[in-house]
Amino acid sequence: MCLRSSSYTGPKPCKHLADYKLRHAFNGYDSLQNCLKTTPVGRTRVDNHNTKIPRCNFCNGYQGRLYICLMCSSISCSTHILLHTQSKSGHDVAIDIERSELYCCLCCDQVYDPDFDKVVVSEQIKGSCPGRSNKRRRLDSGMELDLKKSKQLIAMRDGRAKSCYPLGLRGLNNLGNTCFMNSVLQALLHAPPLRNYFLSDHHNRDECKRRYGEKLCLLCDIGALVSAMFSGDRSPYSPAQFLYSWWQHSSNLASYEEQDAHEFFISVLDGIHEKESKVRNSSKDDGDCQCIAHRAFSGLLRSDVTCTTCGFTSTTYDPCVDISLNLDTVNSSAAEKTGLSTLSGCLNLFTRAERLGSDSKLHCQNCQELRDTSKQLSISRLPLVLCLHIKRFEHSLIRKTSRKIDQYLQFPFALDMTPYLSSSIVRSRFGNRIFAFECENTDSSAEYEIFAVIAHSGMLESGHYVTYLHVNNQWYKCDDAWICEVDEGIVRASQCYMLFYVQKLLYYKANKDLSCNVSVESR
């Protein structure tokens, strides 16, 4: 009988990269060390010493993604990199110049290799540590950056980084087009209810394995991820085991292709709900579910469908873990003139009464026949953590086309959701004759503070996700393995795709509790 190991080391490596390493070992990696430079924002890129501006050897272009061949140092753009590989046998692996990431020209995809990652991290450590003396700089400049000393350098960096960035800020390695995953994980793991749940060990991994004997558990892998992120280790972490576990849960999304961050977010919450429901043996629907995913993110939407003939209104309630908003470009003349939308405009559009077309007539219970109707959405109950999804990707079934909406969105850091509650919407429609609302939120719970923004840059087919985190009154940009401080103006100017807010009272309480927990653990 074949026994399968319960520990998972990582996704299956690229066979072309494996062949390259078998033939050339670390020769290409070692020669690369002399070309690595750390930018002022802390990112490591490949610096081509032959020319100030790297250009494609085929088309002489210098914009977009450029790659340098590990075999011959030839530079090619994303359009001609495959042509270079086909023209020269064995030249299968290249490096993204701007991001210092391995790229397989035959797989047409990013690939991950821990040995290469150690070389890049070592250079990043040497170039990005602030506040060192001249003596330390001379010692570091004389130190040979080889693979044997990378662990020593990482340990040196960890001691210095603890005073630079707050606990919990740690980069996540890109495992091959997994920026969508990294960006959502950074936001999820800094959501106070979810973060505190796992830091408090409410899902004990040892007990879970002992009771259920499952080799793969999404909750256990999230718990391990939280522990790694808040361990104090600052070297980039590879969430390979979590990726593999998520693949088992969402087999239809299991590939190295770029996925949608919002779809991944929903999938992870669904996985948490499914596992906890199994543990609790609960059959309750999402609205009353006590799993951590729904306790943190679940709200309740109210839908009022009104007959335009007699005024009879039918009301239904639906649970939700996020709110998807259209950009208010169509119905806002101001947006068309200024080229920007506002979050308040998007929320107003979401809660605005919409007259349904004549081809969508519904049966009126009062008239007892098909009637024209209007529909209005509102928020009956707000969640602890409010996730707002901005619909930037537009798909036309008729034209069979897809496009990305690059409209700029103006959003506040402090958000009051009172105007969009069912109590406010219905009172504005009927006046103060209606007072009682079963699920009405108080004014204090309707006030939110932003803590994370997921932004998407680039085109629909070849875009990139990053996350901006607000920690200790400072904004940080999490771009896969790289983390750096940014001004709030950078955050406001980003093409936000998902906005994460937390109730104001919980925001300050959670940060205070985290500080207390950290101080206790450090004793």
Among the residues of segment 286-295, are any modelled with pLDDT of 90 or more and farther than 30 Å from Tyr197 by Cβ?
no
Name, by its number, the condition in (1) modelled with pLDDT under 95; (2) buried (at least 20 other Cβ atoms within 10 Å of the Cβ) that does not hold for Tyr212.
(2)
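Matching residues to (1) under 30 Å from Thr401 (Cα atoms); (2) in a loop (DSSP other than H, G, I, E, B); (3) open to solvent by 60 Å² or more (accessible area, probe 1.4 Å); (4) at pLDDT below 80:
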| residue | (1), (2), (3), (4) |
| --- | --- |
| Asn432 | no, yes, yes, yes |
| Glu438 | no, yes, yes, yes |
| Phe451 | no, no, no, no |
| Phe500 | yes, no, no, no |
| Lys509 | no, no, yes, yes |
| Asn517 | no, no, yes, yes |
Pairs with Cβ under 9 Å, 6+ apart, first in segment 210-223 and under 18 Å from His273 (Cα atoms) and in a loop (DSSP other than H, G, I, E, B), second modelled with pLDDT under 85 and among the hydrophobic types (A, V, I, L, M, F, W, C)
Glu214/Cys208; Cys217/Cys208
Tabulated pairs, segment 476-495, first under 25 Å from Ser341 (Cβ atoms), second among the aromatic types (Phe, Trp, Tyr), C-beta under 6 angstrom, 6+ apart or interchain:
Lys477/Tyr468; Val486/Trp475; Glu488/Trp475; Val491/Tyr468; Val491/Trp475
Would you mind listing the strands (runs of 3 or more DSSP E) fully within segment 300-355 where at least 1 residues are among the hydrophobic types (A, V, I, L, M, F, W, C) and at pLDDT 90 or above?
313-320, 323-325
Any idea which of (1) open to solvent by 50 Å² or more (accessible area, probe 1.4 Å); (2) at pLDDT below 90 is the one Arg492 doesn't satisfy?
(2)
Does segment 72-86 hold any residues that are buried (at least 17 other Cβ atoms within 10 Å of the Cβ) and of a type outside the set (S, T, N, Q), and which are they?
Ile75, Cys77, His80, Ile81, His84
For His470, indicate whether it is closer than 30 Å to Ser78 by Cα, open to solvent by less than 50 Å² (accessible area, probe 1.4 Å), out of contact with any Leu (no Cβ under 8 Å at 6 or more places or on another chain) and assigned to a strand (DSSP E or B).
no
Output the number of residues of segment 345-364 satisfying the condition of being touching a residue at least 40 places away in the same chain (Cβ under 8 Å) and either more than 15 Å from Gln376 (Cα to Cα) or touching a Gly at 6+ places or on another chain (Cβ under 6 Å) (or both).
1
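The values are calculated or read from the model by the stated rules, or taken from the named source; none is laboratory data. No experiment lies behind these values; they were computed from the predicted model shown. Glycine gets a Cβ as well: all are built from the backbone with ideal geometry, and neighbour counts include every protein chain shown. When the accessible area is computed, the model is the full protein with side chains, heavy atoms only, and any ligands, DNA or RNA have been set aside. Shrake-Rupley method; radii C 1.70, N 1.55, O 1.52, S 1.80 Å.
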